[in-house]
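Peer 1: Below is the structure I would like to discuss, written out as structure tokens.
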Amino acid sequence: MSSPRYFYSIATSLIPWFLVSGLILMVAGLINGLFYAPPDYQQGDAFRIIYVHVPSAYISMMAYSLMAFAAFVALIWRIKIAHAVIVGAAPLGAWFTFLALLTGSIWGRPMWGTWWEWGDPRLTSELLMLFLYLGYMALRASLPNLAQADKLSAILILIGAINIPIIHFSVEWWTSLHQGPTLLKAGGPAIDSLMLYPLLAMIIGTTLYFGSLLLVRTKAEVLNREKNSRWAKKMLLGDQL
Amino acid sequence: MNKSNNISLLSGFNAMFRRDCLHCIKNPSQLLNPLIFFVMITAAFPFAVDSSKSQLTQIGPGIIWIMAILSYLLTLQHLYLDDADDGCLDYIILSPQPLPLLVLAKICAHWISSGLPLIIVSPIIGIIYQMQVDTILVMIATLFFGTFALSLIGSIGASLTISINNSNILVSLLVLPIMIPILIFGARTIGLYQAGTTTISGLYFMSAYCMFALSFSPFASAAALKIGSE
């Protein structure tokens, strides 16, 4: 997998599988979740936003873990493809983080009576997560030298990754002292299977969809980095060479 | 044979530390300007909000801590950028001493020149914000651990951006999310003390965070300096 050329051809053949299976699962999950799942006994139909909210929040964390893992691999084993994966994943992760915040805020309006609730630790630590993504992209954008940008931003990601548990813990501790309105919680772990299966389908479907987007973006990044290599020229220009 | 090889780790650390402290004493504006900024802005807040005693004691800890972080961010550009500009940094990287140790010496000197003055003037700000004497002591304790942690975390941000011109705002973007735990525990510990609840756990957390940052910051900064000055 570490050879750019090999990665490129594998990714090209994987993308349709990821995309099609992801879209099928997402459509199935959405139809079942929005029309066939029973309304929540406390929240009514408003709970249905979890079918977008939970997958986005999951992807936002999964993407950062993936970036941290790739940064680790890239710094220790000096595998260049890992840098391209980080570049591909960052804007996607930031976007899903933003979606999670947006849907969480829209959900909060009918549930808590406010768009933004500082008393919810998940909301506030998700906001800090968005800041970490933005910091990475800002650092990346201001370093013109590619090799330097790769290594320095990988260090930043690792520093962020080891601090995420601490940030989350301190936000949680802070909100436990914070006197907010009592939060409504969904019916506990005993979630109805008619609600659960569409949610699982959405989570897996969104992950596959994210995977296909990640591969498309990483492919483009690899091609950009390898634009002077023979295989890339041959593939792009074909017979003209 | 070579004399530089006989220098012990401790004397290498000391030399770096003393050099940076002297550098700071000879450029007092570097030390004083962020400090004056801290005092002026904290003193300007009561003009903008309701300046009754109960209001000031409530918002005081938060404002003091936010301003401590902001004035700290202003000082970060001098941590490595001055040395990078005049070429000293290359010699520091090339020296036979381990780079993380020299980085730690620079961080300690940075704390002496930025954190310590902040702690020294903080009682005045505490009095402006109507704090009791014992509350001021708690505030000094949180600032003591907190500013050292800020120096350690800030060092990472400063070292990641040495190859960038005008990186001051960028450094703030990079390190602020990581500094949030310090802000939360620093300000809330003072607030909890004022409310009459237990504070020692907050101080424990801040010292633990300090130790934790001490374990990775010199190494991460050293790696970033090496990459950044290539």
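Peer 1: Hey, can you tell me all the residues within the stretch A:134-149 that are more than 7 Å from chain B (Cβ to nearest Cβ) and crowded, with 24+ Cβ neighbours inside 10 Å?
Peer 2: Result: A:Y136, single match.
Peer 1: Look through A:L214, A:L200, A:L196, A:L223 and report the one residue that is modelled with pLDDT under 85, assigned to a helix (DSSP H, G or I) and within 24 Å of the chain's Cα centre (by Cα).
Peer 2: On the way: A:L214 fails: modelled with pLDDT under 85; A:L200 fails: modelled with pLDDT under 85; A:L223 fails: modelled with pLDDT under 85.
Of A:L214, A:L200, A:L196, A:L223, the one residue that is modelled with pLDDT under 85, assigned to a helix (DSSP H, G or I) and within 24 Å of the chain's Cα centre (by Cα) is A:L196.
Peer 1: What pairs come out if I take residues in the stretch A:35-63 that are more than 18 Å from A:L127 (Cα to Cα) and pair them with residues that are among the charged types (D, E, K, R) and crowded, with 17+ Cβ neighbours inside 10 Å whose C-beta lies under 6 Å away, six or more apart or interchain?
Peer 2: A:F47/A:D40
Peer 1: Hey, another quick one. What about B:S114, is it crowded, with 24+ Cβ neighbours inside 10 Å, more than 14 Å from every other protein chain (Cβ to nearest Cβ) and assigned to a helix (DSSP H, G or I)?
Peer 2: In short, yes.
Peer 1: In addition: Kindly establish whether A:S125 is in contact with a helix residue (DSSP H, G or I) (Cβ under 9 Å, 6 or more places away or on another chain), closer than 16 Å to A:L66 by Cβ and either surrounded by fewer than 19 Cβ atoms within 10 Å (Cβ to Cβ) or of a type in the set (G, A, S) (or both).
Peer 2: It is false that A:S125 is in contact with a helix residue (DSSP H, G or I) (Cβ under 9 Å, 6 or more places away or on another chain), closer than 16 Å to A:L66 by Cβ and either surrounded by fewer than 19 Cβ atoms within 10 Å (Cβ to Cβ) or of a type in the set (G, A, S) (or both).
Peer 1: Ok, one more. State which residue is surrounded by the most Cβ atoms within 10 Å (Cβ to Cβ) when the search covers only the stretch B:117-129 and only residues that are free of Cβ contacts under 8 Å to residues at least 60 places away in the same chain and of a type in the set (A, V, I, L, M, F, W, C).
Peer 2: Of the residues in the stretch B:117-129, the ones free of Cβ contacts under 8 Å to residues at least 60 places away in the same chain are B:119-120, B:122-123, B:127.
Still in the running and of a type in the set (A, V, I, L, M, F, W, C): B:119-120, B:127.
Working: B:I119: 18, B:I120: 12, B:I127: 12.
The qualifying residue surrounded by the most Cβ atoms within 10 Å (Cβ to Cβ) is B:I119.
Peer 1: Give me a count of the residues in the stretch A:159-171 that are surrounded by fewer than 17 Cβ atoms within 10 Å (Cβ to Cβ) and either of a type in the set (A, V, I, L, M, F, W, C) or at the interface with chain B (Cβ under 8 Å from one of its Cβ atoms) (or both).
Peer 2: Counting residues in the stretch A:159-171 that are surrounded by fewer than 17 Cβ atoms within 10 Å (Cβ to Cβ) and either of a type in the set (A, V, I, L, M, F, W, C) or at the interface with chain B (Cβ under 8 Å from one of its Cβ atoms) (or both) gives 2.
The values are calculated or read from the model by the stated rules, or taken from the named source; none is laboratory data. Since the model is a prediction, treat every value here as computed from it, not as a measurement. Ideal geometry is used to build each Cβ from the backbone, glycine not excepted, and the neighbour counts take in all protein chains shown.
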